[in-house]
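Derivation of every value follows stated rules applied to the coordinates shown; laboratory data play no part. Not measured: the values here are computed from a predicted model. Positions of Cβ are generated from backbone atoms using ideal geometry, with glycine treated the same way; all protein chains shown enter the neighbour counts.
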Amino acid sequence: MGLLSAPEVRPFPGADRVLAAHEPPQPDLMCGPFAVRTALAALVDTRALPSLADLAHAAGSRTWPEDLPDARPDGAPSVPAPFADDLPVAGSADRSGTDAADLVAAVVTVTNRDVSAVPAQGGTPEGLLGLLARLGDLGPVGVVANLWTGRVGHFVVLWGLTDEEVPRVAVADSYPEVGDEGLPPACRLVGLHELHDALADRGLLVLVRTSDSPVATELVGAAGLSSEIWHG
């Protein structure tokens, strides 16, 4: 299913390639590498996309020896990562997964500095909308959002805005269980204020060509958001 199944969404440049590369479900605790790999498809030829294992290694993703069902939506089954035994084990369950700052570094590493991830955090819902609406100025762009689900931190991909008077944001999640009918698998529409609330103390990673990162940083600042990275 592709963009034609969601005609109400104005996709970000490169979103067709993002959705083509979006292959849920994610392996357990790998939402960060999963989201970044999916978003990178906007900027990197599919044949050159790094593997999920390569991204997890580059970002220092951490595993946990026991199943953590609270890290998944209700009803979502465990999907062990086939490369999990090659990753470090976290010191505690709440330290498993991947930090945003490590994903920023991993993007640079796996793309040989061709792509950079520009952080964007804080601001107001209106500022967030202003930033998302201006992303088309950058050409192809991948947008990763680090959300608080109410139970855990979770990385997803944003791929467009609706044409409604008060736009909603199109989200590509890593779990089919949270998808909306009529949208591509594991995708849903989220209200702007709901998204802004879920981003509190976290933020976006805007993936752009490294040559465009100064312009992306300027757009973040002009929208009233900070380009400082958060922890977690």
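Observations on the model:
- On Cα atoms only, tilt of 100-110 relative to the major axis of the chain in degrees: 90 degrees
- The 3J(HN,Hα) values that the Karplus relation (6.51, -1.76, 1.60; θ = phi - 60°) gives for the range 136-150 are, in residue order, x, 5, 8, x, x, 8, x, 10, 9, 10, 9, 9, 9, 7, x Hz. Gly and Pro appear as x.
- Test item: Cα-centred dipole of the range 3-222, Lys/Arg +1 and Asp/Glu -1 on Cβ, debye: 520 debye
- Once the Cα-Cα distance is subtracted from the 0.36 nm per residue extended length, the Asp180 to Asp45 segment shows a gain of 45.8 nm.
- Highest average first, the peptides 207-217, 65-75 ordered by how many other beta carbon atoms sit within 10 Å of their residues are 207-217, 65-75.
- Helix-only mean residue ellipticity at 222 nm for the chain, each DSSP H run of n ≥ 4 adding -39500 (n - 2.57), per residue, nearest 500: -7500 deg cm²/dmol
- For the range 1-131, the convex hull drawn through the C-alpha positions has a volume of 153 cubic angstrom per residue.
- Taking the Cα centre of the range 138-232 as reference, the dipole from Cβ charges on Lys and Arg (+1) and Asp and Glu (-1) amounts to some 300 debye.
- Put simply, the Cα atoms of the chain extend 46, 38, 35 Å along their principal axes, the longest span coming first.
- Axis angle, to the nearest 10 degrees, between helix 213-222 and the longest C-alpha principal axis of the chain: 70 degrees.
- Set of the range 194-232 residues, backbone N closer than 18 Å to the point 7 Å along the Cα-Cβ line of Ala101: 201-206, 226-232
- In the range 1-111, a dipole from Cβ-located charges (positive for Lys and Arg, negative for Asp and Glu) runs towards its positive end, and of Ala71, Ala41, Pro27 it is Ala41 whose Cα lies farthest in that direction.
- Our coupling estimate for the range 163-169, obtained by passing each phi through the Karplus curve with A = 6.51, B = -1.76, C = 1.60 and θ = phi - 60°, is 8, 5, 4, 10, x, 9, 9 Hz, Gly and Pro reported as x.
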